Amino acid sequence: MSDPKHLTPNGLSYKQAGVDIDAGNALVEAIKPAVRSTRRPGADGEIGGFGGLFDLRAAGFIDPVLVAANDGVGTKLKIAIDAGNHSTIGQDLVAMCVNDLIVQGAEPLFFLDYFATGKLDVEQGTAIVNGIAEGCRLAGCALIGGETAEMPGMYHGKDYDLAGFAVGAAERGTLLPRNDLAEGDTLVALASSGVHSNGYSLVRKIVELSGLDWYADAPFAPGQTLADALLTPTRIYVKPLLSALKAGIGVKAMAHITGGGFIDNIPRVLPDELAAHVDLAAIQTPKVFSWLSHVGGMDEREMLRTFNCGVGMLVAVAPIDAERLVAHLTEAGETASVVGHLTARTGEPVTFQGKLPL
């Protein structure tokens with residue numbers, strides 16, 4: 001048997017095994033300004049400790065209920081990796097978590113990320129965390145910590161993965177959905193920024209069928225490459241919706257339209273006796289969905305169960321408050337419109353009229 005000392009006369013180091021501790025420390029230093037930029041009442045600590053701290057009393061809560069959510073970005077990451085564009089994927093990560101908090105009436109308070117890669121690239125890691133920090137600023141939550149894992153042999157080439165964890169709070173008794181949802185309540189849609197972060201395994205398959213590469217001009221977005229157009233980050237709806245809740249407009253329920261589209265997400269906030277009736281012709285559908293539908297040969301129902309089709313968030317409100325809610329959201333910079341109402345459930349929990357303007 002050969003002597004290991006002859007193979008490694010000076011002994012092995014962690015770096016020779018593929019893990020660079022110095023690169024990890026360099027990344028922590030590089031991202032500190034971005035992390036500091038997300039500070040908010042309740043979170044004033046520095047990253048680098050063994051855990052992040054948050055003071056609920058300093059954040060203004062009296063009798064809070066904590067709400068937690070975690071998510072990832074999915075195979076949208078593959079487009080970022082293949083195109084070498086990592087600047088916005090962090091916002092997607094935050095959005096997928098904090099949008100799930102606001103639909104429950106909770107204010108996002110803090111966020112932690114998990115970044116795993118085969119070989120740590122400080123420049124790439126910094127771009128990713130800068131995007132996470134931007135998402136946190138848009139959501140009004142603090143980035144209080146995270147984990148960078150360098151795992152050679154687990155991830156190959158330029159591959160990496162991201163996961164996010166968000167915690168929010170609401171005063172006891174204010175969580176959504178409310179128990180007074182009723183037949184006739186109005187459904188208000190908030191426009192999406194595009195595909196957001198769901199359905200990208202199908203998106204990538206459709207791109208393959210199209211024969212286009214990531215640097216080709218996007219057929220649905222003049223002036224952008226296909227990669228950049230498909231990497232448009234998920235819209236974060238926290239601040240306008242939190243503002244509407246605080247204004248007492250009478251929001252009863254919200255649904256974040258993610259994987260499963262309209263058909264699977266809307267029923268999650270409805271009682272068994274109610275259904276949602278959606279007018280598809282009232283939805284402003286971005287051109288990217290027309291392109292995906294055409295190239296992929298997808299029928300309307302498959303589109304509605306896979307993609308957001310132009311609606312990132314759906315809000316149920318009493319009819320008397322619908323006009324006020326639309327005006328409030330429009331003033332806050334959102335594109336909001338009435339797209340349906342609640343009905344008595346006699347069959348499917350979501351029914352449709354009209355056709356998507358694809």
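Odds and ends about this structure:
- Residue within the stretch 293-304 that is touching a Gly at 6+ places or on another chain (Cβ under 7 Å), small (Gly, Ala, Ser) and at pLDDT 95 or above present: no
- Some residue of the stretch 113-132 being of a type in the set (Phe, Trp, Tyr), open to solvent by less than 10 Å² (accessible area, probe 1.4 Å) and part of a strand (DSSP E or B): yes
- Some residue of the stretch 169-188 being open to solvent by 50 Å² or more (accessible area, probe 1.4 Å) and aliphatic (A, V, I, L, M): yes
- For the stretch 58-89, the set of residues classified as in a strand (DSSP E or B) and buried (at least 18 other Cβ atoms within 10 Å of the Cβ) consists of PRO64, VAL67, ALA69, ASP71, listed by residue number.
- Any hit, the stretch 225-244, residues being buried (at least 17 other Cβ atoms within 10 Å of the Cβ), touching a Lys or Arg at 6+ places or on another chain (Cβ under 8 Å) and farther than 14 Å from SER197 by Cα: no
- Matching option when the condition is of a type in the set (D, E, K, R) and within 19 Å of THR88 (Cβ to Cβ), among ASP228, ASP213: ASP228
- The criterion of being closer than 24 Å to ALA170 by Cβ and among the basic types (Lys, Arg) holds for LYS239.
- THR306 being over 19 Å from ASP180 (Cα atoms), open to solvent by 50 Å² or more (accessible area, probe 1.4 Å) and of a type in the set (S, T, N, Q): no
- Pair list, Cβ under 6 Å, 6 or more apart: the stretch 290-305 residue free of Cβ contacts under 8 Å to residues at least 40 places away in the same chain and closer than 21 Å to ILE266 by Cα, other residue in a helix (DSSP H, G or I) and aromatic (Phe, Trp, Tyr): none
- Within the stretch 2-40, the residues that satisfy the criterion of being at pLDDT 70 or above, assigned to a loop (DSSP other than H, G, I, E, B) and open to solvent by less than 80 Å² (accessible area, probe 1.4 Å) are GLY11, SER37, THR38.
- For the stretch 326-352, taking the residues that are small (Gly, Ala, Ser) and touching a strand residue (DSSP E or B) at 6+ places or on another chain (Cβ under 9 Å), the one that is surrounded by the most Cβ atoms within 10 Å (Cβ to Cβ) is identified as GLY340.
- Close pairs (9 angstrom Cβ cut-off, 6 or more residues apart or separate chains): of a type in the set (Val, Ile, Thr) in the stretch 166-178, in a strand (DSSP E or B) and open to solvent by 60 Å² or more (accessible area, probe 1.4 Å) anywhere: VAL167/LEU66; VAL167/ALA68
- Test: residue in the stretch 144-163 that is open to solvent by less than 10 Å² (accessible area, probe 1.4 Å) and over 30 Å from TRP291 (Cα atoms): no
- If you go through the stretch 279-323 and keep only what is over 21 Å from THR234 (Cβ atoms), in contact with a strand residue (DSSP E or B) (Cβ under 6 Å, 6 or more places away or on another chain) and aliphatic (A, V, I, L, M), you end up with LEU280, ALA282, ALA316, VAL317, ALA322.
The values are calculated or read from the model by the stated rules, or taken from the named source; none is laboratory data. This is a predicted model, so every value here is computed, not measured. Every residue, glycine as well, gets a Cβ built from its backbone with ideal geometry; the counts of neighbours run over all protein chains shown. To get the accessible areas, we keep the full protein, side chains included, count just its heavy atoms, and leave off ligands, DNA and RNA. Shrake-Rupley method; radii C 1.70, N 1.55, O 1.52, S 1.80 Å.
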